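K.L.:
Shown below is the structure under consideration.
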Amino acid sequence: MGITDRLSDMQRKELNKLLDKYENRKDYGKEEKSPRRTFLHITKKSYPDYYHISDSKFRLDYNAEMEELSKLGLIELIWEKFQEGEFLEKITLNEDKLAEIYEALGRKPKINIYQEMK
């Protein structure tokens, strides 16, 4: 059973968001890469259910799903200070695993699509 079989809808959605951000960077497809990493910030504005006061189910489910992706080595979790395991600050794309992520999502890198169009 590969990674593809194990990914939930939420995991796929978040990995796709990270890949979209990665592919929209100015240095995408260039030899000289910026050392900056690709993040998804977990904020009240972008994830209102994550910070819901009376219902923590979404946050707990989200954390569990992201921890699974982290164990697979696809992302890195960055927790809010003094809130480890409770509140995520951001998740980071592991660029060393890009090929695996694209394959797991059944997605082609944008650069390959551009090269095929030439």
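The values are calculated or read from the model by the stated rules, or taken from the named source; none is laboratory data. Everything numeric here is computed off the predicted structure, so don't read it as measured data. Cβ: placed from backbone, ideal geometry, glycine included. Neighbour counts: every protein chain shown. Quick note on the areas: whole protein, heavy atoms, side chains included, nothing else; ligands and nucleic acids left out. Shrake-Rupley method; radii C 1.70, N 1.55, O 1.52, S 1.80 Å.
K.L.:
Where a Cα-Cα gap under 16 Å defines reach, which lysines qualify for Lys57, not counting those fewer than 8 residues away within the same chain?
P.N.:
Lys44
K.L.:
Kindly report, to the nearest 10 Å², the accessible surface of Phe87 as traced by a 1.4 Å probe over protein heavy atoms only.
P.N.:
Solvent-accessible area, nearest 10 Å²: 50 Å².
K.L.:
For a label point 7 Å from the Cα of Lys17 along Cα→C-beta, name the residues of region 80-109 whose backbone N is under 16 Å from it.
P.N.:
Only 80, 87-94 fall inside the zone, counting backbone N under 16 Å.
K.L.:
Here's a follow-up. From the phi of every residue in region 72-77, what ³J(HN,Hα) in whole Hz does the Karplus formula 6.51 cos²θ - 1.76 cosθ + 1.60 yield, where θ is phi - 60° and glycine or proline is x?
P.N.:
In residue order, the calculated couplings are 6, x, 7, 9, 10, 9 Hz.
K.L.:
I'd like the orientation of helix 57-71 relative to the chain: the angle between its Cα long axis and the longest Cα principal axis, in ° from 0 to 90, rounded to 10.
P.N.:
40
K.L.:
If you keep only loop residues by DSSP, which trypsin sites (Lys or Arg not before Pro) in region 10-60 have at most 15 other Cβ atoms within 10 Å of their Cβ?
P.N.:
Passing both the DSSP loop test and the Cβ count: Arg25, Lys26, Lys30, Lys33, Arg36, Arg37, Lys44, Lys45.
K.L.:
Return P(r) of the chain (all Cα-Cα pairs; 5 Å bins starting at 0; whole %; ordered from short to long distances).
P.N.:
P(r) for the chain, in whole percents per bin: 2, 10, 20, 23, 18, 13, 8, 4, 2, 1, 0.
K.L.:
Which lysines have a Cα lying under 19 Å from the Cα of Lys97, excluding residues fewer than 8 positions away in the same chain?
P.N.:
Within reach: Lys13, Lys17, Lys21, Lys30, Lys33, Lys71, Lys108, Lys110.
K.L.:
So, one more: Which value, in debye to the nearest 20, describes the size of the charge dipole of the chain about its Cα centre when Lys and Arg Cβ atoms bear +1, Asp and Glu Cβ atoms bear -1, and nothing else is charged?
P.N.:
Dipole magnitude for the chain comes out near 540 debye.
K.L.:
Shifting gears a bit: If amide hydrogens are placed 1.01 Å from N in the peptide plane, which non-local residues have theirs closer than 5 Å to the one on Leu88?
P.N.:
Glu80
K.L.:
Next up: Using 0.36 nm per residue, how much length does the chain from Glu31 to Glu84 gain when fully extended, once their Cα-Cα distance is taken away?
P.N.:
Additional length available on full extension: 15.5 nm.
K.L.:
If you average the sequence gap of Cα pairs under 8 Å that are 6 or more apart and divide by the length of the chain, what percent do you get for the contact order?
P.N.:
Once divided by the residue count of the chain, the mean separation gives 28 percent.
K.L.:
Of the options Leu19, Asn94, Ile42, report the single residue whose Cα projects farthest towards the positive end of the charge dipole of the chain (beta-carbon charges: Lys, Arg +1; Asp, Glu -1).
P.N.:
Leu19
K.L.:
What order do Met10, Met66 take when sorted by accessible area (1.4 Å probe), most exposed first?
P.N.:
Met10, Met66
K.L.:
Leaving out ligands and nucleic acids, note down the accessible area per residue over the chain with a 1.4 angstrom probe, in whole Å².
P.N.:
Value returned for the chain: 67 Å² of accessible area per residue.
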